[in-house]
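Let me begin by presenting the structure, written as structure tokens, before commenting on it.
No lab work stands behind these numbers, since they all come straight from the coordinates. Since the model is a prediction, treat every value here as computed from it, not as a measurement. Don't worry about glycine lacking a Cβ; one is built from the backbone with ideal geometry, like all the others, and counts go over all protein chains shown.
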Amino acid sequence: MSIVIDSKYIMLISSRLRNFKQKKQNLWNFSCPLCGDSRKNKSKARGYVYEKVSKLFYSCHNCGASTNVANLLKSVDPNLHKQYVLERYQTGENSNTIFKKSTTSVPTTRFGKVEKTKTFEHAEWVENLEDRHFCLDYIKQRKIPKSFYSKLLFTSKYSDFVTNIFPNHGKQIVNDARLVIPFYNEYNDLIAVSGRSLENNTNLLRYVTIKSSENDNKIVYGLDRIDTTKTVKIVEGPIDSMFLDNCVASGDANLTLTANNIFASKKVLIFDNQPRNKEIVKMMQKAIKSKHNVVIWPNTVKGKDINEMIMSGISPSQIEKIIYNNTVYGLEAQTNFIFWKKV
């Protein structure tokens, strides 16, 4: 029933979608209404609604947006979206069972269709490591919350581990010991794994990230855990995100791109506290000009990122308070930003 209703509403907004075409059953193509697709070439059409696991989803090959039909409708026609929600509710497919995220019911972490309880040939869940294990010692030294021990893995052979998960990744990877951070999308599909080196070797890359498929979509850590009806915080590093409520990690300093791909009632961009980093300064300026809410760290806060702040003795609740008190927008953000980058 959900595909029938979704298809109906796709056709209802079709006249408002530039270059709209139905390619085949349950596959539509049009210019992305979120990014505009292309200012120079109006014939560009890189937005697709497609069927996956008996449901319809939307993605754009230009801006990387990836969401469900409900959120697409909401961005194109909020009034029609309300009608859509009501119709889903009347058929028994209400917002609680179909699209609403829950912060109290986190889906079981898994690799593809492999359950969390699976014993991996080349990896082990951190919560099952013996006391004094060097990976566990590293995690404790970083003060990573215990609630994440069941969501992280340890492998002594990262190359073997990745090849077992993604046999056709085609990358040259050192077979070393790493802390593994799994990435999931909002539908709980595994989209990537990132291995953090645990060996003191300057010749090794600190992080090696492998995606489940070769595409240009931006991977974001934490999409499987957030509640988009609440304020979503966006930080740079996955480990940083583990200390904050309702938070995702961009994996780089381009928080604006990540924010544009998340459909939430409110978003706050939290860049690293590095006023001497030209890339971060550039990205912060871009975010402010794009009218995003951003955090401008006060000069009383030491530490280049949230994890460093935690390790210096600041509690997560204190950091949440600092973030709340220093979230700014527009002219105030621009003014505070000028003073911050001069520190």
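Observations on the structure shown:
- Radius ratio Rg over Rh of segment 2-90, counting only Cα atoms, Kirkwood formula for Rh: 0.95
- Order of PHE166, PHE339 under a 10 Å beta carbon neighbour criterion, fewest first: PHE339, PHE166
- Taking the Cα atoms of the chain, the ratio Rg/Rh between the radius of gyration and the Kirkwood radius comes to 0.98.
- Å³ per residue enclosed by the Cα convex hull of segment 124-211: 100
- In the chain, excluding the sites themselves, the longest stretch lacking any of the GluC sites (Glu not before Pro) that are in a DSSP loop with at most 13 other Cβ atoms within 10 Å is 215-343.
- Residues THR209, THR300 arranged by fewest to most Cβ contacts within 10 Å: THR300, THR209
- Taking 0.36 nm per residue of separation and subtracting the current Cα-Cα distance, fully stretching the chain between LYS266 and ASN325 would add 19.7 nm.
- Given their separation in residues at 0.36 nm each and the Cα-Cα distance between them, SER14 and TYR89 gain 24.7 nm when the chain is fully extended.
- Least to most buried among THR228, THR91, THR258 (fewest other Cβ within 10 Å first): THR91, THR228, THR258
- Between MET311 and ASN79, the contour length at 0.36 nm per residue exceeds the alpha carbon distance by 78.8 nm.
- Across segment 251-343 the C-alpha pair distances fall into 5 Å bins from zero in the proportions 3, 14, 25, 26, 21, 10, 2 percent.
- With each label modelled as a point 7 angstrom along the Cα→C-beta vector, the ASP252-ARG39 pair spans 2.1 nm.
- Kirkwood-Stokes translational diffusion coefficient of segment 131-277, alpha-carbon pairs, 10 °C, 1.306 mPa s, µm²/s: 98
- Derived scalar couplings between HN and Hα for segment 223-231 equal 4, 6, 10, 7, 10, 6, 7, 10, 4 Hz in order, rounded to whole Hz, by the Karplus curve 6.51 cos²θ - 1.76 cosθ + 1.60 (θ = phi - 60°), x for Gly and Pro.
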